[in-house]
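We did not get these values from a lab; they are worked out from the coordinates using the rules stated. These numbers were taken from a predicted model, which means no experiment stands behind them. Cβ sites come from the backbone with ideal geometry, for glycine too, and all protein chains shown count toward neighbours.
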Amino acid sequence: MPILNRAAELQNEVAEWRRHLHRNPELLFAVENTASFVEKKLKEFGVDEVVTGLGRTGVVGLIRGNLGTGRTIGLRADMDALPITETSGKPWASETSGKMHACGHDGHTAMLLGTAKYLAETRNFAGQVAVIFQPAEEGGGGGNEMVKDGMMERFAIAEVYGMHNMPGMPVGHFGSRVGPIMASTDEFTITIKGRGGHAAQPHKTIDPIVVGTQIVTALQTIASRTVDPLASVVVSVTKFNAGFAHNVIPEEAVLGGTVRTLMPEVREIGESRIRTIAEGVAQIYGATVQVAYNRNYPVTVNHADETGYALEAAAEIAGAGNVQPSLDPMMGGEDFSYMLLARPGAFVFMGNGDTAGLHHPAYDFNDEAIPHGISYWVKLAETRLAA
Ligand code: NI
């Protein structure tokens, strides 16, 4: 089955919404104008229930089917932009310097609005569809805030699905994979306290620079000697700050870096080994350390059954030959991960064609993808909620 006729009819209207959102990007949780645009549209469509202010500025619309009672499935889009100055030169480019929709969340929001319009017109399903519009995907954990606000329970969401565009993949193509698809993205800071002094009398000091270099070296064993070589892990020390004079051994050195992995259990190993190594090496030399480990987004793990349903819906729309069922995972992060920890579901990618990459100042969402995205969402909803 190709794209749905009604989705094709909606393309121009949805592209107008998309371009309006693109001109008016907003960051993190401060997406008030975007959220009220979404709220207004959902009410225009006659969506049965519209709830705002979830996870601070998130919006959920609930659409009831005409084929009887049943479960609720959640379809999720993100609404926030990035702190980048746009160079696309498009007529609908950002009107605010220093902010732009460089990840296509304008397209995600517009396509899900188009889907809500379609589903509110046709209601050809049993149960409910919850259309979820979240703030703060780009670093604020807005998805987590909506989950913590009780969204899943409030709408009795049984399954949840997410979609992201992918530059470099042809328009009309889809891809996903069972299991980990995006990485966890943690950050650590190790503060080493020694005893400063004269560089000519090192024996009277505890040199935090020497301790720090040995911690950096020992951290390399997490990837090379602790974690299974077939598992993915990155431990990179990206900051090493210490000292101010050629003839002074400083009191303190500060290391910083990132840990990325595709497996929750490897994440545990990473944090635990960083603490043990830092403390152990410091102890050898009589220094002390403080380790601050900040857990950012967890691994985005697709559930097996739901990934199968998502891939089947994509294949119905795109043709099986245009659906990649075992996409390579990526080491970027995604806060849809929190929704997948709360409910079974799947995250899929959809082709954005030959455009600039995500987070690039020349990036633009491809409006030709709109009917494919809407058709996929509709197909998935109607299939999962068949009477
Ligand atoms: Ni994104």
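For the reader, a short list of remarks on this structure follows.
- Pairwise FRET efficiency - Met331 versus Glu252, Cβ, R0 = 30 Å, nearest 0.05: 0.45
- Relative contact order (%) - the chain, alpha-carbon pairs under 8 angstrom, separation at least six: 25 percent
- Relative exposure of Leu112, Leu67, judged by other C-beta atoms within 10 Å (fewest first): Leu67, Leu112
- The amide H of Gln324, built 1.01 Å from its N in the peptide plane, has Phe174, Gly175, Ser176 as neighbours under 5 Å, considering only residues 5 or more places off or on other chains.
- Spatially proximal lysines relative to Lys148 (Cα-Cα < 26 Å; intrachain offsets below 8 disregarded): Lys40, Lys41, Lys43
- For Thr52, Thr276, the sequence from fewest to most other C-beta atoms within 10 Å is Thr276, Thr52.
- Considering every alpha-carbon pair of segment 57-197, the percent of pairs per 5 Å bin, from zero through the bin containing the longest distance, is 2, 8, 13, 16, 17, 15, 10, 7, 4, 3, 2, 1, 1, 0, 0, 0.
- Only DSSP H runs of four or more residues enter the estimate; each adds -39500 (n - 2.57), and after division by the residues of the chain the mean residue ellipticity at 222 nm equals -11000 deg cm²/dmol.
- Just so you know, the Cα atoms of the chain work out to an Rg and Dmax of 24.0, 84 Å.
- Extents of segment 1-89, taken as max minus min of Cα coordinates on every principal axis and listed largest first, are 48, 35, 22 Å.
- Paired Rg and Dmax values of segment 184-294, which use every Cα atom, in angstrom: 14.9, 47
- Part-to-part distance (alpha-carbon centres) for segment 50-119 and segment 186-248, which is given in Å: 43 Å
- For His360, His108, His173, order by how many other beta-carbon atoms lie within 10 Å, fewest first: His360, His173, His108
- Sorting the Cα pairs of segment 335-384 by distance into bins of 10 Å, from 0 upward, gives 20, 37, 35, 8 percent per bin.
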